[in-house]
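Have a look at the structure below, then the notes.
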Amino acid sequence: MPRLLVVHHAPSASLGRLLEAVLAGARDDDVQALSPVDVVARPALEADADDVLAADAYVLLSPGNFGYMSGALKHFFDSTFLAVGGSLDDGGTPATGAGATAGRPWGLLLHGRYDLTGARRSVESIVGALGWRAGHQPLCLLGPVDDGAITAAYELGATIAALLADAATA
């Protein structure tokens, strides 16, 4: 059964609601009817390289803090990057490679009150070096979490899970 790993840092009620929507979308009955997908949620400070290697796709959820991803999500990448196939060039810069997780789909949800450009750029830089492929346009949400944001988060989870379900039936 394909596995979707949802790595999250959701310290606020708003991010908690968005996380629940992503998980509900990933577990949507219509998506699961295509082919069952094991949906595993891990806090960013607890997820490890074994979780990443065991997964077939990823959804990352983080607040945008001061123009960057959360420290918890950064810690997740710092502690798993080399073990899951990331590589660094001689200057210490992430080098795009074909590591163990290359080619796997991923999605991103960022939420904040201000500009999320730097947070998005930082995550995209790391997953690019891992060779992951975008399965959904990054979802960057500013301000209060309304019904539209909840729907978009649900659709993100459903889309990434559906990619796995479709691949399992092909």
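The values are calculated or read from the model by the stated rules, or taken from the named source; none is laboratory data. None of the values given here were measured: they were computed from a predicted structure. Virtual Cβ from ideal backbone geometry, glycine too; neighbours counted across all protein chains shown. Calculation scope for accessible area: heavy atoms of the full protein, side chains included, ligands and nucleic acids excluded. Shrake-Rupley method; radii C 1.70, N 1.55, O 1.52, S 1.80 Å.
Residue count for segment 1-49 under the criterion of being without any contact (Cβ under 8 Å) to a residue 24 or more places away in the chain, surrounded by fewer than 16 Cβ atoms within 10 Å (Cβ to Cβ) and either under 23 Å from residue 73 (Cα atoms) or aromatic (Phe, Trp, Tyr) (or both): the result is 3. A count restricted to segment 50-83 and to residues that are among the charged types (D, E, K, R) and surrounded by fewer than 18 Cβ atoms within 10 Å (Cβ to Cβ) stands at 2. I want to confirm something. Restricting to segment 110-137 and keeping residues that are within 11 Å of the chain's Cα centre (by Cα) and among the hydrophobic types (A, V, I, L, M, F, W, C), which single residue is nearest to residue 153 (Cα to Cα)? My answer is 110. Contact annotation: residue pairs with Cβ atoms under 6 Å, 6 or more positions apart or on different chains, pairing a residue in segment 142-170 that is more than 14 Å from residue 15 (Cα to Cα) with a partner that is assigned to a helix (DSSP H, G or I) and open to solvent by 50 Å² or more (accessible area, probe 1.4 Å), are 165/34.
Considering the conditions (1) in contact (Cβ under 8 Å) with a residue 60 or more places away in the chain; (2) hydrophobic (A, V, I, L, M, F, W, C); (3) at positive phi, residue 66 is excluded by exactly one of them, (1).
Among the candidates 47, 24, 10, the residue that is in a loop (DSSP other than H, G, I, E, B) and touching a Gly at 6+ places or on another chain (Cβ under 8 Å) is uniquely 10. On the stretch given as segment 27-44, residues that are assigned to a strand (DSSP E or B) and more than 24 Å from residue 167 (Cβ to Cβ) total 1.
Looking at residue 41, is it over 12 Å from the mean Cα position of the chain (by Cα) and within 18 Å of residue 135 (Cβ to Cβ)?
Details: over 12 Å from the mean Cα position of the chain (by Cα): no; within 18 Å of residue 135 (Cβ to Cβ): yes.
It is false that residue 41 is over 12 Å from the mean Cα position of the chain (by Cα) and within 18 Å of residue 135 (Cβ to Cβ).
Just one of 113, 133, 120 is of a type outside the set (S, T, N, Q), closer than 19 Å to residue 53 by Cβ and either modelled with pLDDT of 95 or more or open to solvent by 30 Å² or more (accessible area, probe 1.4 Å) (or both); which is it? Spell out how you get there, then give the answer.
On the way: 113 fails: closer than 19 Å to residue 53 by Cβ; 120 fails: closer than 19 Å to residue 53 by Cβ.
Just one listed residue meets the conditions, 133.
Scanning segment 149-170 for residues that are over 15 Å from the mean Cα position of the chain (by Cα) and open to solvent by less than 50 Å² (accessible area, probe 1.4 Å) gives 149, 150, 165. So for segment 68-76 (the condition being under 14 Å from the mean Cα position of the chain (by Cα), over 19 Å from residue 134 (Cα atoms) and of a type in the set (A, V, I, L, M)), does at least one residue qualify? Checked segment 68-76: at least one residue is under 14 Å from the mean Cα position of the chain (by Cα), over 19 Å from residue 134 (Cα atoms) and of a type in the set (A, V, I, L, M).
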